[in-house]
1. If I filter the stretch 45-62 for residues that are among the charged types (D, E, K, R) and within 20 Å of R157 (Cα to Cα), do I get at least one hit?
2. Being under 15 Å from the mean Cα position of the chain (by Cα), polar (S, T, N, Q) and either at pLDDT below 95 or surrounded by fewer than 23 Cβ atoms within 10 Å (Cβ to Cβ) (or both) is the filter here, so list the residues in the stretch 1-26 that pass it.
3. Could you please tell me which pairs satisfy a Cβ distance under 8 Å, a separation of 6+ or placement on different chains, a first residue in the stretch 6-18 that is farther than 13 Å from T31 by Cβ, and a second residue that is aromatic (F, W, Y) and in a helix (DSSP H, G or I)?
4. Considering S47, S106, S75, S79, which residue is more than 17 Å from the chain's Cα centre (by Cα) and within 24 Å of C129 (Cβ to Cβ)?
5. Check G65 against each of (1) in contact with a strand residue (DSSP E or B) (Cβ under 7 Å, 6 or more places away or on another chain); (2) surrounded by fewer than 19 Cβ atoms within 10 Å (Cβ to Cβ); (3) more than 20 Å from S106 (Cα to Cα) and name the one condition it does not meet.
6. Please find, among V95, V52, the residue that is among the β-branched types (V, I, T) and either more than 22 Å from T6 (Cβ to Cβ) or part of a loop (DSSP other than H, G, I, E, B) (or both).
7. So if I check each of S79, S47, which one is surrounded by fewer than 16 Cβ atoms within 10 Å (Cβ to Cβ), modelled with pLDDT of 95 or more and of a type in the set (S, T, N, Q)?
8. Which of the residues belonging to the stretch 101-122 are among the aliphatic types (A, V, I, L, M), assigned to a helix (DSSP H, G or I), surrounded by fewer than 17 Cβ atoms within 10 Å (Cβ to Cβ) and at pLDDT below 95?
Amino acid sequence: MRTVPTVAITGGIASGKTSFCRHLSVFLENTEWFDADACVSRLLDGSEEVRVETAKVLGKGVYVGGKLDRAQVRSRIFSDPRRRVQLERVLHPRVRKIWMAQAVRSKAVGRKFVADVPLLYEAGWETACDFIAVIACSSAKQLQRLTSRGVCESLARKMIAVQLPMEEKMRRAHEVVWNNGPLQLLTEQARITADYLNEHYG
């Protein structure tokens, strides 16, 4: 009987993880998906306990009219590393608990489990994975993509700098997908990855 795997997709900020996962889902069979960023958003918006703890860490004003001001969050956690670490202590254990529970349910019914987890290595969660694909690109490309989304250059550089270096993530991966080129190439790499996973894990 083939092993039912836990697969992680990770990489640097603005490296193209979300786009890769979207294309991968077209080709991958018998799979359940987990999105760590979406899980964080649900916790920040929907968990009263998390909302209270977040306001304690980041200060008043991060929730405006009951809604999280994400621009304020970015500004505060990247200008004060202590706040970023404290917020991660609030969020990471909860995200991991939800992730692991979903992975167990997926494996119980024989489905591959794929998690899009941007901070996989930073959080020390790679030991829970059977296969890890790192979506990588140059730092210049990361900066270009972030600034094109309206992030100022100084903040974009800080966002890149706080993550584990791309080279280290690439070194620790089972597969590296280089995403400096056109979308067509990323689509083809997603197909190749899906073919491998379908062949080895069913």
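1. Within the stretch 45-62, the first condition is being among the charged types (D, E, K, R), and the residues that meet it are 45, 48-49, 51, 53, 56, 60.
Next, from what is left, pick out any that are within 20 Å of R157 (Cα to Cα): none.
Looking for residues that are among the charged types (D, E, K, R) and within 20 Å of R157 (Cα to Cα), one finds none in the stretch 45-62, hence no.
2. T6, T18, S19
3. Note: pairs meeting the criteria are T10/Y121.
4. Details: S47 fails: within 24 Å of C129 (Cβ to Cβ); S75 fails: within 24 Å of C129 (Cβ to Cβ); S79 fails: within 24 Å of C129 (Cβ to Cβ).
The unique qualifying residue is S106.
5. (1) is the only condition that G65 fails.
6. One residue alone meets the criteria, V52.
7. Values: S79 fails: modelled with pLDDT of 95 or more.
The conditions single out S47.
8. V104, A108
The values are calculated or read from the model by the stated rules, or taken from the named source; none is laboratory data. What you see is a predicted model, and the numbers here were worked out from it, not measured in a lab. Reconstructed Cβ throughout: ideal geometry from the backbone, glycine too, with neighbour counts over all protein chains shown.
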